[in-house]
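Novice: The structure's right below; bear with me while I get my questions together.
Please treat every number below as a calculation from the coordinates, not as lab data. Quick caveat, the model's predicted, so the values are computed rather than measured. Every residue, glycine among them, receives a Cβ derived from its backbone with ideal geometry; neighbour counts consider all protein chains shown.
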Ligand code: BDR
Ligand code: CA
């Protein structure tokens, strides 16, 4: 089984993604690292611990990472989407964390996993890319041990945080630029363009709840997210962005990707955090595999099946 580390900022869809990873037989969830993002770093770390307890994976170490972006001050979080507690005001439905995070920081935890793994490691990065940028800059010799980096982030036709920019990239564009443009680790990018097309509706959530167990608890947490989606987009359908990235991390090729050079705008203007893909056939530069399509019905069914505990 492929060793998998999830770098995350739980976060409602992050919580769902952790359950999906735990229920995916192709991967062995060996560590979780946390980053600031949807809420502050203490809360994302506490939530990661709570979710792992909920899903019966207290064996998985959790290490806390960056509490702010690489260069500029943190100016905004996503409490509106995820609630002050990062779990839609429903964190009380999850067990209190009884463990503490590891005594080492996220970057050291990632380095420890990479050094010790017998197989190439997949990293699923489903929050701002700060920890990953720090890892690649701090331990360049470990890069060959990363089999694949799967990133949830980016938007090529309109953002969710500003008109142009997706939340994870916007939260730390300098880190994203380093990871997506300057580094050369094999990378798959799962952007908003695809995740928004894979929205999940009321009947889907009802089936998740009907399966009982951790899926039922998380279905209640997702309800808050669904209400925000309804207000924001005027339709019933919630996008579980991070779960799609983790599905692709577990089952490479589930999403259809196109290799494209990608750039990230880091200036302080209105397009800060925007991602640009160069679709010209003669485009030069490093390419990342951008997931722009999938059999969406099959993906919805597979995610549901896995969250309910099927393989
Ligand atoms: C991304 O931003 C966060 O709010 C979600 O958890 C996801 O990782 C979607 O833009
Ligand atoms: Ca996230």
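Novice: Distance between the C-alpha centers of the range 274-311 and the range 77-108? Whole Å please.
Specialist: If you average the Cα positions of each part, the centres end up 27 Å apart.
Novice: On the Cα set of the range 50-186, report Rg and Dmax in Å, please.
Specialist: Rg and Dmax of the range 50-186, Cα atoms, are 16.1, 43 Å.
Novice: In whole percent, what relative contact order does the range 227-303 give with Cα contacts below 8 Å and a gap of six or more residues?
Specialist: 30 percent
Novice: Then there's this: Cα convex hull of the range 240-311: mean projected area in nm², to one decimal?
Specialist: Computed as one quarter of the Cα hull surface, the answer is 6.5 nm².
Novice: Additional query: Return a whole-number percent for the relative contact order of the range 180-311, with Cα pairs under 8 Å and 6 or more residues apart as the contact set.
Specialist: Value for the range 180-311: 34 percent.
Novice: Compute the relative contact order of the range 103-214 as a whole-number percentage, counting only Cα pairs closer than 8 Å that sit 6 or more residues apart in sequence.
Specialist: 26 percent
Novice: Given only helices, namely DSSP H runs of n ≥ 4 each adding -39500 (n - 2.57), what is the per-residue ellipticity at 222 nm of the chain, to the nearest 500 deg cm²/dmol?
Specialist: -10500 deg cm²/dmol
Novice: Also, quick follow-up: Can you sort 36, 232 so the residue with the fewest Cβ neighbours within 10 Å comes first?
Specialist: 232, 36
Novice: Using Cβ contacts closer than 10 Å as the measure, can you line up 82, 224 from fewest to most?
Specialist: Ordered by Cβ neighbours within 10 Å, fewest first: 224, 82.
Novice: Can you give the translational diffusion coefficient of the chain in µm²/s, computed by Stokes-Einstein from the Kirkwood radius over Cα pairs at 10 °C and 1.306 mPa s?
Specialist: Diffusion coefficient, whole number: 84 µm²/s.
Novice: What is the fewest-to-most order of 216, 235 by other Cβ atoms lying within 10 Å of their Cβ?
Specialist: Ascending number of Cβ neighbours within 10 Å: 235, 216.
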